[in-house]
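Q: So that we are looking at the same thing, I have put the structure below in structure tokens.
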Ligand SMILES: [Zn+2]
């Protein structure tokens, strides 16, 4: 089988003014403002006669292809045009936004429903991931993360490599689980497994110590401290 390019994106969020500058540079000349929102259902909207673009905060780290689709949306705000419909499809189908929305959903429902999905890794894979977690906790997080966070290996993840499920309350935050795509355990994916686990461990730290469950400044600080690269997006090819 040929290696399939599943991408792990370590997204370091843009500010609203950075996003506005980028959109204008790419041709959205009518835009005068960008506002990031944390809405559960509306992922974007144009207001004030097409001059302000409201974006779900999941788009802070969107790649250039998605940013350009928003340029098309801002410039062709006529629902009948093919360019506009194609741009809508592009921004809706970007996996990063599902990641962000999924995290919000997990956050709102996790206290009521325990996760019924069992771990699908082999005993060896479970031992290996626990050892990796222990080592990274010591070398990258000064052993500050809990040692007993459930780590689940999933066969069913399609577009994502991993996630962290925040639970509890803002006063008493806990972590339900870290889940990892089973594809990461295949030969040749060792670096991607470590990078993905670090990404999720940075989510654990940002949530437990700073109450932040997204890819905001707290996550970014922990990710940088743990040794994730300084570039905004790291694409890691994963062997399928
Ligand atoms: Zn993440």
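The values are calculated or read from the model by the stated rules, or taken from the named source; none is laboratory data. Being a predicted model, the structure only gives us computed values, none of them experimental. Heads up, the Cβs are rebuilt from the backbone with ideal geometry, glycines too, and the neighbour counts pull from every protein chain shown.
Q: Looking at 206, 218 in this structure, which one is assigned by TED's automatic domain parsing to the domain that holds residue 163, within 15 Å of the ligand (Cβ to nearest atom) and within 13 Å of residue 145 (Cα to Cα)?
A: None of the others qualify; the one that does is 206.
Q: Residue 203: surrounded by 18 or more Cβ atoms within 10 Å (Cβ to Cβ) and part of a helix (DSSP H, G or I), yes or no?
A: Yes; evaluated as a whole, the condition is true for this residue.
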